[in-house]
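Here is the structure we will look at.
Please treat every number below as a calculation from the coordinates, not as lab data. Just so you know, these numbers come straight off a predicted model, no measurement behind them. Counting neighbours? That spans all protein chains shown, and the Cβs are built from the backbone with ideal geometry, glycine included.
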Amino acid sequence: MAAILMANLVDAQQKLKYQSPHDDIMVLADADLAPAIRINTAGTKALLLNRSNYKSIEELSETEMRLAGLRINPQTNISSRARYYYSFKILDIENNKEIEVRGLKQRMRLTNFTWSNKQSKVAFTNTTDKGVELWILDLESSTANKLSDLTLNANMGDVINWFADDSALLVKTLPNGRRKLIDAKKAVPLGPTISANDGGKKAQNRTYQDLLKSPNDEFNFKQLAKSEIWKVNLDGTKAKWMDKAAMYRNISFSPDGEYVMVLTTHEPFSYLVPYYRFPSETNIYDKNGDLVKLFLKTPLLEDLPKGFMAVRKEPRDISWRADRPATLYWAEAEDGGDPEKEVEYRDAIYQQDAPFDGDKSLLLKTKLRYYDIDWGTDNMAIAYDYWWNTRMLNTSFFDPSDASKGYEVFNSRNYQDRYSDPGQFVTKKNEYNRSVLDIDNGRLYLLGDGYSEEGKFPFVDCYDTKKKENLRLYQAVDDEMLETLVAAIDIKKGKVLSRLESQNKYPNYYFRSITSKKATPITNFKNPFDAINDVHKEVITYKRDDGLELSATLYLPVGYDKENKEKMPMLMWAYPREYKDKNSASQVTSSSKEFTYPWYGSPLFWVNRGYVVLDDTAFPIIGEGEEEPNDSFRSQLVANAKAAIDAVDKLGYIDRNRVAVGGHSYGAFMTANLLTHSNLFAAGIARSGAYNRTLTPFGFQSEERNYWEAPDVYYTMSPFMHCDKMKTPLLLIHGEEDNNSGTYPMQSERYFNALKGLGATVRLVMLPKESHGYAARESIMHMLWEQDEWLEKYVKNRDMTAKKEMQKEAKGKE
């Protein structure tokens, strides 16, 4: 009996230490990353920020408190999931020279890099065991130093704000008299935790993670969110800017630097929604910290109307006009925030000038939900409004000085239609160091991605607002390099920051002259992935059974002989996306010229293990007109997969009986559904997914309807409800501390239990300390090992594995 119990225990749980994958994977997974780059507006200087590929499991194991949607290290008072740079250099672009920075320590933990207004200095933070320090880099002397002995509070909102003249900074610091935090595991409860809805209001919210759960959580959140605001001068002297401590979220100077908008969080807290929906106050102060006006109080926001386009009734999106010294503007819902209401205008945009004691004035009203404004002059600005349900986006000119003129639509399109995207308007820095439209005698400039049926060809256009005419100034040509136009440095001189790459040439930055077409290099980052330099890569197009055009990026194994065409195993990787029209769903935005970059979650490692890889496989789910995409989710999912396999099989590269499918998050949900409702695959890999949609009853992904409105959709789409149909080996991987809405770890745990109970071949790997995306080197290497072992056993060597299983079963019957 004991032997039988032990055998069952071994079958149930396997006690493994962290494993490392095959050397062919390790050579790619451990390749050094190129530095991140931050270029100043003038294009003369840049920071080259050095980073590690991964955190360590020791870092992830540091103390963490999960409160109100935040993950906080209470010892250091910064996000426990912050990614750091460990050192940096200055790149003198004009002289093509890298400059060492004096004053830095070894292996620092650097983040929150913030350029000064004149861009002669950069403020940043360094996290130590004792807390977050404030540091300053002087670019002229190439020297960095710790500016103050104050300990910053980086737990919530922004951290560093420069005064307009660059003489000082406003920072949030730990308050004096912060009370000791409660250890919830040791605290003795004083009573039950009670949530109530006495008024009977509807509060249909997504399944948020890391919410407050008890009075102890409320106490700890309040202590960790509370800060003081200090003014720190560049000589290190400091003074308290605000008399009292509060739960400060964000601080924003007016363009002229004379006023400061401060957003604070207040009680009562909620156990249903994250901190950014708690009650708040928006106050306006002068630059010395004296209150000018209590601008807005907003209540707890638990009961928004239903729908993705629902917003609060109170003013929202309060910000400073970039083109004026001190003018606030904001949006107010004309429909009460309820997208179900039929109204002529959804939103009204208002403004108010300093000192904020006059009446608000109307700027314009928008037909759809307000999204953003590009400011230009007193007579020219551009407004954006959109509607998720139709995927429509309007771009319109308006005159801020005269609301009676209304607006003039420049472009109205489905925002998923990448082929018709006119591009982004070029901006420049004004006298307040704010970004405003770069206007040249009524002419505006646009940088566009340039997606088309022929490929990606970025462009620069000039639009004449007087003549209503558009002139193309530049378009990339089809050569071996793929170009991305990043930003305009000086559009009137034709100088644009560009990024060029190819399949095996690492992305590097250039200055592109749109007149001479010359590209001058700025960086020279090397390709760290030599092992897959010569892999064959192409974007293939094919049709679904209903005629819909689809695409994917096909990679052949390293060293593959295209003449002999040996039939290889294939790994397909995908992520479903919802569309409201077939035209947008069929567009190709991948390019064979994109750099081949095997990031930690990528399937590309397996081209070095003898697999054909089909990446970025198009999985559109379409619902046109009154039909919603998810009404036919399963059938479209299977049709997408079959079309992709048929296309590669027709090329003669694969053994279609040895095809695996994988995905992360919604891609994991896709994988489970495909294995359940088709016989197309030999195995699957599902990472950090959700499998029972009744556990996300008020919507998920792009599904607006709640469970009680569309129970058949929720049931049909949930692989958990169809576990009895699963006959294909499935590897489930999940971070134990997943913080993504809807994909809590219980989804994988319950799904595994159900599959095992019904006799499916399934393995569940729970990664300690990991969130929705994985960060620790130990976790990622083990994940790659698990995936490789699974693919080798159930895909590449499928027949051998099946034979062994049959022999084992026969022996058991004897």
How many nm is it between the label spots at Q424 and L651, if each spot is 7 Å from the Cα in line with the beta carbon? 3.2 nm
So if the hydrodynamic radius of the stretch 568-720 is defined as the Kirkwood radius over C-alpha pairs, what does Stokes-Einstein give as its diffusion coefficient at 10 °C and 1.306 mPa s, in µm² per second? 98 µm²/s
The stretch 184-243 - Rg over Rh from alpha carbon coordinates, Kirkwood radius: 1.20
Could you compute how fast the chain diffuses translationally, taking Rh as the Kirkwood radius over C-alpha pairs and applying Stokes-Einstein at 10 °C with viscosity 1.306 mPa s? Give it in µm² per second. 54 µm²/s
Expressed to one decimal in nm², the mean projection of the alpha carbon convex hull of the stretch 557-610 is 5.6 nm²
Which helices count as membrane-span-like in the chain under these terms: full DSSP H, at least 18 Å along the axis by C-alpha, Kyte-Doolittle mean of 0.0 or more? 633-651
Which one of S741, H772, G757 is farthest out on the positive end of the charge dipole of the stretch 734-774, using unit charges on Cβ (Lys, Arg +1; Asp, Glu -1) and the Cα centre as origin? G757
Taking the stretch 177-296 and dividing mean pair separation by its residue count, relative contact order in percent (alpha carbons under 8 Å, at least six apart): 18 percent
What list of ³J(HN,Hα) values in whole Hz, one per residue of the stretch 108-121 in order, does the Karplus curve 6.51 cos²θ - 1.76 cosθ + 1.60 (θ = phi - 60°) give from phi, with Gly and Pro shown as x? 7, 10, 10, 6, 6, 5, 9, 5, 6, 4, 8, 6, 9, 9
Calculated from DSSP H runs of 4 or more alone, at -39500 (n - 2.57) each and per residue, what is the 222 nm mean residue ellipticity of the chain, nearest 500? -4500 deg cm²/dmol
In sequence order, calculated HN-Hα J values of the stretch 614-626 (Karplus, 6.51, -1.76, 1.60; Hz; x Gly/Pro): 10, 10, 6, 5, 5, 10, x, 10, 10, x, 8, x, 7
Could you work out the relative contact order of the chain? I mean the mean sequence separation of Cα pairs under 8 Å and 6+ apart, divided by the number of residues, in percent. 8 percent
May I ask for the Rg/Rh ratio of the stretch 66-214, computed from Cα atoms with Rh as the Kirkwood radius, given to two decimals? 1.11
What FRET efficiency comes out for the pair R750/T114, r = Cβ-Cβ distance, R0 = 35 Å, nearest 0.05? 0.20
How high is the relative contact order of the stretch 687-814? Use alpha-carbon pairs under 8 Å, at least six apart in sequence, and give a whole percent. 24 percent
In Å, the C-alpha Rg and Dmax of the stretch 106-159 are 11.3, 33
Using only the alpha carbons, work out the radius of gyration and Dmax of the stretch 401-459 in angstrom. 14.8, 43
At what distance in nm do the modelled label points of V27 and E566 sit from each other, each positioned 7 Å from its Cα along Cα→Cβ? 1.7 nm
For N176, what charge total do you get from the other residues with a beta carbon under 10 Å from its beta carbon, if Lys and Arg give +1 and Asp and Glu give -1? +1
Once R0 is set to 35 Å, what does the formula 1/(1 + (r/R0)^6) return for the Cβ-Cβ distance between K804 and E736, expressed as a FRET efficiency to the nearest 0.05? 0.65
Length added when fully stretched, K201-L234, from 0.36 nm per residue minus Cα-Cα: 6.7 nm
If Lys and Arg each add +1 and Asp and Glu each add -1, what is the summed charge of the other residues whose beta carbon sits under 11 Å from the beta carbon of S148? 0
Measuring from its Cα centre, the stretch 90-197 shows a charge dipole (+1 at each Lys and Arg Cβ, -1 at each Asp and Glu Cβ) which, in debye to the nearest 20, is 820 debye
Distance in nm between E314 and D290 label points, each 7 Å along Cα→Cβ, equals 2.7 nm
Lysines within cross-link reach of K202: Cα-Cα under 28 Å, excluding same-chain residues under 8 positions apart? K213, K222, K297, K306, K313, K341, K367
Just check the stretch 441-536 against the gyration tensor rule for me: Cα atoms, a ≥ b ≥ c as the square roots of the eigenvalues, rounded for a/c under 1.5, and otherwise prolate or oblate depending on whether a/b exceeds b/c. prolate
For the stretch 578-723, with +1 on Lys and Arg beta carbons and -1 on Asp and Glu, the positive-most of N657, F698, S590 along the dipole: N657
Debye, to nearest 20: dipole size of the chain, +1 on Lys, Arg Cβ, -1 on Asp, Glu Cβ: 1740 debye
Dipole size in debye (nearest 20) for the stretch 243-346 around its Cα centre, Lys and Arg Cβ +1, Asp and Glu Cβ -1? 260 debye
Projecting each Cα onto the charge dipole of the stretch 322-466 (Lys/Arg +1, Asp/Glu -1 at the beta carbon, about the Cα centre), which of A381, L368, P355 comes out farthest on the positive side? A381
Note the full-extension length gain between S435 and E342 as 0.36 nm times their separation in residues minus their Cα-Cα distance, in nm to one decimal. 29.9 nm
Summing +1 for each Lys or Arg and -1 for each Asp or Glu, what net charge is found among the other residues whose Cβ lies under 13 Å from the Cβ of S688? -4
